[in-house]
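The values are calculated or read from the model by the stated rules, or taken from the named source; none is laboratory data. Note that this is a predicted model, so its numbers are computed, not measured. In this analysis, Cβ positions are derived from the backbone assuming ideal geometry, glycine residues included, and neighbour counts consider all displayed protein chains.
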Amino acid sequence: MRALVEDKVQTLERYAGKTASPVQAWVEVERTTQHHQRGPYYRVEIHLRVDGQTLRSHSRGVSVDAALLAAKIRAQTELRKRKERRVVQRRRLSA
């Protein structure tokens, strides 16, 4: 499971762009119930630390892989938004 998580999270670094400090990531994987047989009972939460900013994404799924993939996609979206904000700020300052 550790290799699966590292593989998925490692791809997020390229979305961070150029950073002053290395990107740090913490991933929590939890099974929310012991007795239910159906439904989204795995929860994944990803915390990313990028240049002093903390970005957080979470998801639930019927499997660890499905929950991890959904959380990764949400984290990618947050990183893209962050990068776009930085680009817009640079354009405003240079204009």
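Just to verify a result, which residue in region 63-95, among those that are in contact (Cβ under 8 Å) with a residue 24 or more places away in the chain and over 30 Å from PRO40 (Cα atoms), is farthest from the chain's Cα centre (by Cα)?
Step by step, filter region 63-95, then rank; the result is ARG86.
Among the residues in region 10-32, are any assigned to a helix (DSSP H, G or I) and polar (S, T, N, Q)? Before you say what the answer is, go through the steps one by one.
Applying the first criterion (assigned to a helix (DSSP H, G or I)) to region 10-32 yields 10-16.
Next, only the ones that are polar (S, T, N, Q) stay: 10-11.
Among the residues of region 10-32, at least one is assigned to a helix (DSSP H, G or I) and polar (S, T, N, Q), which makes the answer yes.
For region 8-21: of the residues being surrounded by 11 or more Cβ atoms within 10 Å (Cβ to Cβ) and more than 11 Å from the chain's Cα centre (by Cα), which is farthest from ALA67 (Cα to Cα)?
Top of the filtered list is THR19.
Output the residue which, of all residues in region 35-51 that are surrounded by fewer than 17 Cβ atoms within 10 Å (Cβ to Cβ) and outside any strand (DSSP E or B), is modelled with the lowest pLDDT.
HIS36
Is it true that LEU93 is touching a helix residue (DSSP H, G or I) at 6+ places or on another chain (Cβ under 7 Å) and not in a strand (DSSP E or B)? Write out each step before concluding.
On the way: touching a helix residue (DSSP H, G or I) at 6+ places or on another chain (Cβ under 7 Å): no; not in a strand (DSSP E or B): yes.
So LEU93 does not fit the description; no.
May I ask you to say which residue of THR32, THR54 is surrounded by fewer than 13 Cβ atoms within 10 Å (Cβ to Cβ), touching a strand residue (DSSP E or B) at 6+ places or on another chain (Cβ under 9 Å) and over 20 Å from GLU6 (Cα atoms)?
On the way: THR54 fails: over 20 Å from GLU6 (Cα atoms).
Residue meeting the stated conditions: THR32.
Does ALA71 count as touching an Asp or Glu at 6+ places or on another chain (Cβ under 8 Å), of a type in the set (A, V, I, L, M), modelled with pLDDT of 90 or more and over 24 Å from VAL87 (Cβ atoms)? Steps first, please.
Working: touching an Asp or Glu at 6+ places or on another chain (Cβ under 8 Å): yes; of a type in the set (A, V, I, L, M): yes; modelled with pLDDT of 90 or more: yes; over 24 Å from VAL87 (Cβ atoms): yes.
Against the criterion (touching an Asp or Glu at 6+ places or on another chain (Cβ under 8 Å), of a type in the set (A, V, I, L, M), modelled with pLDDT of 90 or more and over 24 Å from VAL87 (Cβ atoms)), ALA71 qualifies.
Can we say GLU13 is touching a strand residue (DSSP E or B) at 6+ places or on another chain (Cβ under 9 Å) and at pLDDT 90 or above? Show your work before the answer.
Working: touching a strand residue (DSSP E or B) at 6+ places or on another chain (Cβ under 9 Å): yes; at pLDDT 90 or above: no.
Taking the combined requirement at face value, the residue does not satisfy it.
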